[in-house]
Amino acid sequence: MRYNTAALTLLMAAMFLVTSAQTDKMVRKYNAVTFFNETESTEWTANKEGHNTFIINCNANGDILYLKANKEMEMLVRIGSATKGRDKEGHGYQLVKMRDQNKRVLYFQLYDDEEDGVKMIYHDLKFMMQFINDDSFEPNE
């Protein structure tokens, strides 16, 4: 049986699309952020307005593209596998070890329920950020 080049090219393109689609890309948009700095306080800060977007699994490595409120972009590179867990309130999440653009290691906590938000946890800096949607701020469209 003979195959022509166009048919093989089409088949390869279809196979690429199928394997690319197997990465579950998702977008999470939040309009508020709160901070916790263990060296300065034992409390989270009040929510601050800021439109932040996360494109999760943006490539085959499972990296996260972080679109910041100040319009800058940062690629969070996945360096570990995801583990599942539950917080003190029973909310399910996935925790993934990442590296930011400054080569600092962080843990990205992606809650199962979008309304619970996402956290970026820097153990070495004793610092966390949680991104949520706050009804008192403009929605992140």
Among the residues of region 35-44, the number that are more than 17 Å from ASN70 (Cβ to Cβ) and surrounded by 14 or more Cβ atoms within 10 Å (Cβ to Cβ) is 2
Picking from LYS126, LYS103, the residue that is charged (D, E, K, R) and touching a residue at least 40 places away in the same chain (Cβ under 8 Å) would be LYS126
Give the residues of region 45-68 that are outside any loop (DSSP other than H, G, I, E, B) and surrounded by fewer than 15 Cβ atoms within 10 Å (Cβ to Cβ), sorted by residue number. LYS48, GLU49
Taking region 124-141 and keeping residues of a type outside the set (Lys, Arg), assigned to a loop (DSSP other than H, G, I, E, B) and surrounded by 12 or more Cβ atoms within 10 Å (Cβ to Cβ) leaves LEU125, ASN133, ASP134, PHE137, ASN140
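Among the residues of region 98-121, count how many are surrounded by 16 or more Cβ atoms within 10 Å (Cβ to Cβ) and in a strand (DSSP E or B).
So the answer is 12.
Within 19 Å of ASP24 (Cα to Cα) and hydroxyl-bearing (Ser, Thr, Tyr): is that true of TYR66 in this structure?
Considered against the rule, which asks whether it is within 19 Å of ASP24 (Cα to Cα) and hydroxyl-bearing (Ser, Thr, Tyr), TYR66 comes out as yes.
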Any idea which of (1) closer than 27 Å to PRO139 by Cβ; (2) touching a residue at least 24 places away in the same chain (Cβ under 8 Å) is the one GLY92 doesn't satisfy? (2)
Within region 29-59, the count of residues that are of a type in the set (A, V, I, L, M) and at pLDDT below 95 comes to 0
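The values are calculated or read from the model by the stated rules, or taken from the named source; none is laboratory data. What you see is a predicted model, and the numbers here were worked out from it, not measured in a lab. No Cβ is skipped: glycine too gets one built from the backbone with ideal geometry, and neighbour counts run over all protein chains shown.
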